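A quick write-up on the structure given underneath.
Each value in this text was obtained by applying a stated rule to the coordinates, not by laboratory testing. The shown structure was predicted, so the numbers you read here are calculated from the model rather than taken from an experiment. Glycine also receives a Cβ, built like all others from the backbone with ideal geometry; neighbour counts cover every protein chain displayed.
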Amino acid sequence: MQLNKDFTIQKVGNVYVAVPVGETSRQFLGMVRLNETGAFLWKRMAEGECTEEDLVNALLSEYDVTREVAARDVHKVVELLQENCILL
């Protein structure tokens, strides 16, 4: 998985938002809200190519959660980003 470079993440209050930049901002008229976990996963994906399993392992090393919960959360974030054309 790789992030679309035409999106950036910003923290607004206690929420993170993914917003389009450049030409993409003319086509994607909105933003995607992310919680702290979603922002953590975004930052990991921004480091380079990774798989869902890599993201699950990253969550497990950072948070006190079960593999099942981590896998579910990763899948939800990946689906959200795919639905909004933020993942390539």
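Values as computed for the structure displayed
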quantity	calculated
Cα gyration tensor category, rounded, prolate or oblate, for the chain with a/c compared to 1.5	prolate
Simple Cβ-charge dipole of the range 7-83, Lys/Arg +1 and Asp/Glu -1, about Cα centre, in debye nearest 20	380 debye
Within the range 43-61, backbone nitrogen closer than 12 Å to the virtual label 7 Å beyond the Cα of GLN82 toward Cβ	52
Counted charge near GLY22, where neighbours are those whose Cβ lies closer than 11 Å (Asp, Glu -1; Lys, Arg +1)	0
Those aspartates and glutamates that a straight Cα-Cα span of less than 19 Å connects to LYS43, excepting residues fewer than 8 apart in one chain	ASP6, GLU52, GLU53, ASP54, GLU62, ASP64, ASP73, GLU79, GLU83
